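The values are calculated or read from the model by the stated rules, or taken from the named source; none is laboratory data. These numbers were taken from a predicted model, which means no experiment stands behind them. Quick reminder, even Gly has a Cβ in these numbers, built from the backbone with ideal geometry, and neighbours come from all protein chains shown.
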Amino acid sequence: MSKRLFSGIQPSGNLHLGNYLGAIQNWVKLQDEYEAIFCVVDLHAITVPQDPVELRKKIIEVAKIYLAAGIDPKKSTMFVQSHISEHTQLAWILSTLTKITELERMTQFKDKSQKDGKEGIGAGLLTYPTLMAADILLYDTAVVPVGEDQVQHIELTRVLARRFNEKFGETFVIPESIVGKKSARIMGLDDPTKKMSKSAASEYNYIALTDDAETVRKKIKKAVTDSGSEIVYSDSKPALKNLLNIFALLYDKKLEAIAEEYAGKNYSDFKNGLAEVIINFLSPFQERLKNISDEEVLAVLRAGAEKVKPLAREKMHQVFDKIGLISY
Ligand code: TYM
């Protein structure tokens, strides 16, 4: 049997090209190689305030995005995190093995708590990585394809799995992250020193997967560039490097070939080309997205939950047994 793969996205904010290139594009390729499970991690989304009406819409939209991007429910399993209560059960147990300092060290937590102060954020933001560890460890996951920002959480997952195994005996598989080379960190269009982010203050930071052609052209036109006018891939030109990466990943072409195509041309020619490449990807994607009904996606999610539930139950029986709780 092939190895298990698990990954997920939070149904919060607007999903963007960073989410697609950093995660979903790789998932679509990897689903042929692994026994893949893709989760809509709604319980992670509520670690920051969400409007209930919007949240429900977003959960369905994220699942539709998986399908429209090419996740095939005949090959892979898709479900919603909150439908499998074992996730929160295992998260609690793992939190009893996690040190507060380990959680406080997480970059994502540090960023959020620095921004809003510890009084301004919920405890869920601190314990968030134990829920993510539970997501992964429940299913004997071997690999977790993610963007670079999630690697630290997977490192902690590995630490917790080892700690549990050492204390109570072999129970969890130690997972590994899979991170794309060029897609690990897609940067903001308005600031190439920060990652493209769902929670960015300005919508000029990202291209949303639901942006129309006009919006894409406008945002790419406004994207910051570096000094000089030559189209070259270089660390000294971080803004251009990011745009070239996006171009290459969507166009499925080598960077050298793109640089050659634009040799002697200027930034504005390159940006026009890039906008069209993005639109050529987004238009058919959005067409597929539009044609997926709520009923269809809910049926896929229901079937997915039914498939993973016995796996989660079985793992929790093992965990109960090991730590001295009584299975029911
Ligand atoms: P989330 O929802 O923030 O992001 C979803 C995926 O998109 C990747 N990503 C990026 N990749 C490249 N460049 C970017 N600018 C960029 N922004 C986001 C993320 O790395 C991620 O792969 N905690 C996770 C969700 C989660 C999860 C899990 C993932 C919960 N449980 C178990 C894997 C396994 C998160 O907040 O991702």
Quiz item: Tally time: how many residues in the range 4-46 are within 9 Å of the ligand (Cβ to nearest atom) and not in a helix (DSSP H, G or I)?
Solution: 12
Exercise. Count, please, the residues in the range 180-199 that happen to be without any contact (Cβ under 8 Å) to a residue 40 or more places away in the chain, within 10 Å of the ligand (Cβ to nearest atom) and buried (at least 18 other Cβ atoms within 10 Å of the Cβ).
Key: 1
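Can you find a residue in the range 132-148 that is more than 30 Å from residue 238 (Cβ to Cβ), surrounded by 20 or more Cβ atoms within 10 Å (Cβ to Cβ) and either charged (D, E, K, R) or free of Cβ contacts under 8 Å to residues at least 24 places away in the same chain (or both)?
yes
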Self-check item: Residue tally, condition farther than 19 Å from residue 22 by Cβ and surrounded by 15 or more Cβ atoms within 10 Å (Cβ to Cβ), over the range 241-270
Solution: 6
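Each row is one residue, and each column tells you yes or no for (1) under 22 Å from the mean Cα position of the chain (by Cα); (2) modelled with pLDDT under 95; (3) of a type in the set (Lys, Arg).
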{"position": "223", "(1), (2), (3)": "no, no, no"}
{"position": "242", "(1), (2), (3)": "yes, no, no"}
{"position": "253", "(1), (2), (3)": "no, yes, yes"}
{"position": "264", "(1), (2), (3)": "no, yes, no"}
{"position": "274", "(1), (2), (3)": "no, no, no"}
{"position": "298", "(1), (2), (3)": "yes, no, no"}
{"position": "315", "(1), (2), (3)": "no, no, yes"}
{"position": "319", "(1), (2), (3)": "no, no, no"}
{"position": "326", "(1), (2), (3)": "no, no, no"}
Quiz prompt | Within the range 212-233, tally of residues that are in contact with a helix residue (DSSP H, G or I) (Cβ under 7 Å, 6 or more places away or on another chain) and not basic (Lys, Arg) | solution = 11
